[in-house]
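J.: Have a look at the structure that comes next, please.
The values are calculated or read from the model by the stated rules, or taken from the named source; none is laboratory data. Being a predicted model, the structure only gives us computed values, none of them experimental. We place every Cβ from the backbone using ideal geometry, glycine too, and count neighbours over all the protein chains shown.
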Amino acid sequence: MHCRNLRDSEGFTLIEVLVAAFVLVVGVLATLTLITGANRATAATQSREAGVNLARELVEAARGITYDKLSDTSIDAQLQAVPGLQDTTLGGIYQIRRRGVDYTVDASVCIMDDAKDGGGSRPSGLSFCSDSGPAGTADKNPEDYKRVTVKLTWKRGGVTRTATQTGLVNNPGSATGPAVRSIIVVGTPAPYEITSTNATVPLQLTTSSKPTTINWSVDGSVQPTAPTQSGSTGLIWTTDWNVSAVDDGPYLISGEAFNQYGVSGPTRTETVTLNRYPARAPARVAGGRTKFGTVEIEWAANTERDIVGYQVRRVTDNTIVCALATQKLDTLCTDTSPPAGDPLQYEVVAYDKAPVTGVPRAGGATTLTVTTGNTPPNAPVLISATTSGGTVTLKWKRPNPEDPDPGDGVEFYRIYRDGTLLSNRYDRWYDNGPNVTWTDIATGGLPHLYWITAVDKSYLESAFTAAVPLP
């Protein structure tokens, strides 16, 4: 029988243990730093979200205040009387606490004289907005509406942050003036949907008493041709709305009547929907293959107001790339798995609402051909990167030459933040000048790294600039 000698197992030395512990500590500290930064960013985001929501809540509360009582000197007291918007301080500044943050409220009210119906007098004691229409004599009732502005200020991480929201409160008119009782489309039952391709839409306004003059407006814009009296009562007025150059979609038709003293009564507003034509084909369709192996297709949003969405089809193999149900009104479609063949053809179709039924209806289509026979543009040349007051400003030179392909060039730039992946795309910047300046105003007070690329007409991107070093 042969015996085998057993050897003692060798253990770790003290130096090896110390090195392993040091590596572990470094890793833990790095992880804690990332977690701390993420928590700080989350807290800042939550405080801003709460601030914006509070500002909106204050504006909506102001809309519920009686118009005559809504003034710059009384708005704070009026808002503090609303449940949930009480002042958390005893005297002094107006503050509201939300999510453990104290928000200082600065609310103001001013009167707007809309320039669309001309300017009116500026009686003493009335606070007109600085950007209101100029004073004049054309508008007998210059107090068109009041603008409420709510600015919130708070501190987070030692940095003062703000959020501002504004809202408009319409002037309901005087009870002593003639009221507009109704607005109808002659020959069309309510709800008013116009499918006829006639150049004009006949309107009829009815008032409570005989007015001296009547103004009518489309989406707040007073029309140049005043209504004319119909019949002998003086209560019925008619006019024609010229829609020959107007896009399809819903419009607000309003009427306001004045007596001999220039006093107007309550106004009336009706929605009139134009639905005469299918949607036009999308314009300015562009796109191409990207450095991430996808194809991006973009276009300008249709100007018709009844557009419900778009659909993109890859004509090459009759594949719906971006369906109407998911694409909706977004004007960017990404083909995440395009075939390798060349060329590829895509079709972008706009959809509106069919008359009466309101179901989606396909309209015009625009095609785009994507090829690979192209060279990316040259990369931009960085000049400087500066920080100031929580913002970052980058400056770079337009590449020269711009693109190796004749007739091609830089269409726009992409800015990537904190990485060079598709998910790190942060902004798009258009500038045709030789020197370009771009500013990041939403840094959140945190440090970031930036990369820049130039993009040509075929959506090919240049090489990345080096990571931008910040001072």
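J.: Looking at region 317-344, which of the residues that are of a type in the set (Val, Ile, Thr) and touching a Phe, Trp or Tyr at 6+ places or on another chain (Cβ under 8 Å) is nearest to residue 366 (Cα to Cα)?
T.: Once the filter is applied, the top-ranked residue is 331.
J.: Starting from region 375-402, take each residue that is under 19 Å from residue 460 (Cα atoms) and in contact (Cβ under 8 Å) with a residue 40 or more places away in the chain and list its partners that are assigned to a loop (DSSP other than H, G, I, E, B) and of a type in the set (A, V, I, L, M), counting only C-beta distances under 6 angstrom and pairs at least six apart or across chains.
T.: What qualifies is 376/460; 379/463.
J.: Looking at region 217-262 only, could you name the residues that are surrounded by 14 or more Cβ atoms within 10 Å (Cβ to Cβ) and among the acidic types (Asp, Glu)?
T.: 240, 247, 248, 256, listed by residue number.
J.: Within region 72-172, considering only strands (runs of 3 or more DSSP E) that don't extend past its boundaries, which have at least 2 residues that are among the hydrophobic types (A, V, I, L, M, F, W, C) and surrounded by fewer than 16 Cβ atoms within 10 Å (Cβ to Cβ)?
T.: 159-170
J.: Just wondering, is there one or more residues in region 264-275 that are in contact with a helix residue (DSSP H, G or I) (Cβ under 9 Å, 6 or more places away or on another chain), in contact (Cβ under 8 Å) with a residue 24 or more places away in the chain and surrounded by fewer than 19 Cβ atoms within 10 Å (Cβ to Cβ)? Write out each step before concluding.
T.: Initial filter on region 264-275 (in contact with a helix residue (DSSP H, G or I) (Cβ under 9 Å, 6 or more places away or on another chain)): none.
Scanning region 264-275 turns up no residue that is in contact with a helix residue (DSSP H, G or I) (Cβ under 9 Å, 6 or more places away or on another chain), in contact (Cβ under 8 Å) with a residue 24 or more places away in the chain and surrounded by fewer than 19 Cβ atoms within 10 Å (Cβ to Cβ).
J.: Sticking with this structure for a sec: Which of the following residues is out of contact with any Leu (no Cβ under 9 Å at 6 or more places or on another chain), surrounded by 14 or more Cβ atoms within 10 Å (Cβ to Cβ) and in the same structural domain as residue 431 (by TED's automatic domain parsing): 398, 361?
T.: Of 398, 361, the one residue that is out of contact with any Leu (no Cβ under 9 Å at 6 or more places or on another chain), surrounded by 14 or more Cβ atoms within 10 Å (Cβ to Cβ) and in the same structural domain as residue 431 (by TED's automatic domain parsing) is 398.
J.: Just one of the numbered conditions (1) farther than 15 Å from residue 254 by Cα; (2) assigned to a loop (DSSP other than H, G, I, E, B) is not true of residue 193; which one?
T.: (2)
J.: Checking residue 337 against (1) at pLDDT 95 or above; (2) surrounded by fewer than 17 Cβ atoms within 10 Å (Cβ to Cβ): exactly one of these is not met. Which one?
T.: If we test residue 337 against (1) at pLDDT 95 or above; (2) surrounded by fewer than 17 Cβ atoms within 10 Å (Cβ to Cβ), just (1) comes out false.
J.: A follow-up question, please. When the residues of region 207-261 are filtered to those that are touching a strand residue (DSSP E or B) at 6+ places or on another chain (Cβ under 8 Å) and among the aromatic types (Phe, Trp, Tyr), which remaining residue is modelled with the lowest pLDDT?
T.: Filtering region 207-261 for residues that are touching a strand residue (DSSP E or B) at 6+ places or on another chain (Cβ under 8 Å) and among the aromatic types (Phe, Trp, Tyr), the one modelled with the lowest pLDDT comes out as 258.
J.: Still on this model: Across region 46-83, what is the total count of residues that are among the small types (Gly, Ala, Ser), out of contact with any strand residue (DSSP E or B) (no Cβ under 7 Å at 6 or more places or on another chain) and within 30 Å of residue 442 (Cα to Cα)?
T.: Qualifying residue count for the region: 1.
J.: Do any strands (runs of 3 or more DSSP E) lying entirely in region 207-272 carry at least 2 residues that are more than 29 Å from residue 358 (Cα to Cα) and among the hydrophobic types (A, V, I, L, M, F, W, C), and which ones are they?
T.: Answer list for region 207-272: 236-242, 249-258.
J.: Name the one entry in 11, 27, 92 that is at pLDDT 75 or above, over 18 Å from residue 164 (Cβ atoms) and out of contact with any Lys or Arg (no Cβ under 9 Å at 6 or more places or on another chain).
T.: 27
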